[in-house]
Every structure is written in C-alpha cells, then in structure tokens.
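Below is one structure, written out as structure tokens; comments come after it.
The values are calculated or read from the model by the stated rules, or taken from the named source; none is laboratory data. Just so we're clear, the structure is a prediction, and the values are computed from it rather than from any experiment. Neighbour counts run over all protein chains shown; Cβ positions are idealised from the backbone, glycine included.
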Amino acid sequence: MAKFLESYVKSDIKGKTCLELGAGTGLVSIVAWLLGASRVLATDLPGLHTEHVQYNTSINSKRIESERKQAIHDQEEQATMATSSTNSRTRRKRDNLQELHSQDLEVAPLDWSTPSLPESIRFQGPFSYILCSEILYLPQLHRALLKTLTRFSDHNTVVFLLWKQRGLGEERFFEIASRPSTGWKVHYLDKSVLDAEFQEQPYGIAKMTLDVAERGPCA
Ligand SMILES: C[S@@+](CC[C@H](N)C(=O)[O-])C[C@H]1O[C@@H](n2cnc3c(N)ncnc32)[C@H](O)[C@@H]1O
C-alpha cells in the first residue's frame, strides 16, 4: 500500500486528510504524511495496538522532521552561496522540499465495532482518503468495518483497500459493500499497480467511493 501511494496517489495526496484503519506498524500512515498529506490519523484497536503505532509513528516522524529541516536549511545555504545561474537551479530543487511537521501525524484508538474517535482528536472527518491495508481477514468484522468507512466518509472520500487472498473470506467484504443500499461503489484496480513482488502473489487492491445520492438508510 505504501508503494502504491508513492507511485499512484503521490500528486493528489498533498494537502489532503488521511485516515488509516488497522494501522499495525503505521508504515502506510507515515508514507502518507511523508507525501505531504496535511493531516494523517493512524488508528488501531485501543491498548497495546495503538501504543505500538504511536511509538513507531512518533519515533519516525520526529526523526524525519528534523532531517527535512536540516535538508531545507542546507539547500538555502547553498542557494545563498551559489552564482545567480546555479541559484535558479537550486531554487527549483528547493521548491520540491516541503517542511514536515510531526504533529500532522496523529494516532488514535479506533475499534470498528464502536467507531468513534476520542474528543482530543481535533479533526474527526470526513477524510479525503481512508487507507486499509490487510484488514479484511476477519469476515465477522466486515459489517462493522463498512459502517466505520461510512462514518468517516463523504462523497469526496476515496478508500483504498489492499488485501492478501488467504481464503478467509476476504472478498465477502465487497459483496456486502457492493449492495446498492450501502451507497458504496467498488472499483477493483489492476494488479499492475502493485509493487512487482506483490503482483506474483495473491493480493487484491480496490478503490471505493461513496455516491451520496444513492446512499441508503443503513450500510
Ligand atoms: C494484519 S494487521 C495489518 C496491519 C497493517 N495495516 C499492515 O498492512 O501491515 C491487521 C490490523 O487490524 C487491527 N484490527 C483488528 N481488528 C480490529 C478492530 N475491530 N478495530 C480496529 N482495528 C482492528 C489489528 O490490531 C491489526 O493491527
């Protein structure tokens, strides 16, 4: 999912809000933040799961933030020292380096069975992107997951789901999501959008969008 975002969503994700469900290590959220999303919220089950995401995202975002600050500072120094012709070349490079703020990458507990965020989280959605990597392996939670998606989406939201076909009923999620009463539209993406190593393996990737006009009373 992280590589997919980098290759196909990079230009659009800048300045957008992202919610990750079942974040695990938080890697996907870290990459969304690195790509310039304005606000990223990585979520997982309360307790140890969230603490693990918190640890990973915090340690990485703080380090990356300070490295980025240093890189921008170095470029500015070089630009000051350069001649006017190299100066314009350096400036072009400088424009691509955006400052990153670790506070734009947040972590919160979010259980799909009771999908609400703590009040301390200032932005409660709807999000521009919802990212779901490897979270379809529990069919008993598919309805709760779909409700969670609906809760944090509007008609501008794009949901990306990546899953490994383990024979655990992963695809049944899309049977539920595709029912007209849910209002969701499922678009399966070609496997060629995946990193080469995943194309060889039984992975699937899909995009979902919500058509508000068609949305029924319950998801
Ligand atoms: C297989 S891991 C995937 C982790 C990560 N997204 C990845 O791709 O590496 C599934 C994640 O879903 C989380 N999860 C399972 N049930 C959940 C629920 N009811 N609510 C929220 N998260 C849940 C787990 O804690 C776990 O982090």
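Could you list, in sequence order, the residues of segment 122-142 that are more than 17 Å from the chain's Cα centre (by Cα) and of a type outside the set (Phe, Trp, Tyr)? Residues satisfying the conditions are Arg122, Leu138, Pro139, Gln140, Leu141, His142.
Scanning segment 167-196 for residues that are within 18 Å of Tyr137 (Cα to Cα), in a helix (DSSP H, G or I) and either free of Cβ contacts under 8 Å to residues at least 24 places away in the same chain or hydrophobic (A, V, I, L, M, F, W, C) (or both) turns up Phe173, Phe174, Glu175, Ile176, Ala177. When Arg39 is tested against (1) in contact with a Lys or Arg (Cβ under 9 Å, 6 or more places away or on another chain); (2) near the ligand (Cβ under 9 Å from one of its atoms), just one condition goes unmet, and that condition is (2). In the set Arg172, Arg166, only one residue is touching a helix residue (DSSP H, G or I) at 6+ places or on another chain (Cβ under 7 Å) and among the basic types (Lys, Arg); that residue is Arg172. Which residues, counting only those in segment 85-119, are over 30 Å from Glu51 (Cα atoms) and at pLDDT 60 or above? Asn96, Leu97, listed by residue number. Restricting segment 165-206 to residues that are within 18 Å of Leu146 (Cα to Cα) and small (Gly, Ala, Ser) leaves a set whose member that is nearest to the chain's Cα centre (by Cα) is Ala206. Restricting attention to segment 21-58, the residues that are surrounded by fewer than 17 Cβ atoms within 10 Å (Cβ to Cβ) and within 20 Å of Leu146 (Cα to Cα) add up to 2.
If you go through segment 197-211 one residue at a time, do you hit one that is in a helix (DSSP H, G or I) and farther than 30 Å from Arg68 by Cβ? Yes: one or more hits.
Taking the criterion of being away from the ligand (no atom under 12 Å from the Cβ) and exposed (fewer than 14 other Cβ atoms within 10 Å of the Cβ), the residues of segment 125-164 that qualify are Asp154, His155, Asn156.
Pairs meeting the criteria (first residue in segment 25-43 and over 13 Å from Val9 (Cβ atoms), second residue surrounded by fewer than 22 Cβ atoms within 10 Å (Cβ to Cβ) and of a type in the set (Val, Ile, Thr), beta carbons under 7 Å, at least 6 apart or on different chains) are Ser38/Thr17; Arg39/Thr17; Leu41/Ile121.
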